[in-house]
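The values are calculated or read from the model by the stated rules, or taken from the named source; none is laboratory data. Note that the structure is a prediction, hence the values are computed from the model and not measured. Heads up, the Cβs are rebuilt from the backbone with ideal geometry, glycines too, and the neighbour counts pull from every protein chain shown.
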Amino acid sequence: MEDKIARLKYLDNTYEIIESGTHVLCAITGKKIPLENLNYWSVEFQEPYFSYVEANLKRNIVG
């Protein structure tokens, strides 16, 4: 498969692939996250995070 951004619907403890691809981009840093390494996301904001650090940053930004 070519290097392509996937479109996902983020659910509790899983995600649904809307449009297939190889990776998503971190909502905070823009870093590429291969789908097999995707572990952090927000169901509320429907966005992925590279690691717990970025997820925590988002939590602190929002309050």
Legend entry - Condition broken by Arg59, with the remaining ones in (1) at pLDDT below 95; (2) surrounded by 15 or more Cβ atoms within 10 Å (Cβ to Cβ) satisfied: (2)
Inset, instruction - Report, by residue number, each residue of segment 39-53 that is of a type outside the set (S, T, N, Q), touching a residue at least 24 places away in the same chain (Cβ under 8 Å) and in a loop (DSSP other than H, G, I, E, B). - result: Val43, Phe50
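So that you can scan it fast, the table gives a plain yes or no per residue for (1) more than 9 Å from the chain's Cα centre (by Cα); (2) hydrophobic (A, V, I, L, M, F, W, C); (3) not in a helix (DSSP H, G or I):
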{"site": "Lys9", "(1), (2), (3)": "yes, no, yes"}
{"site": "Ala27", "(1), (2), (3)": "no, yes, yes"}
{"site": "Ala55", "(1), (2), (3)": "yes, yes, no"}
{"site": "Ile61", "(1), (2), (3)": "yes, yes, no"}
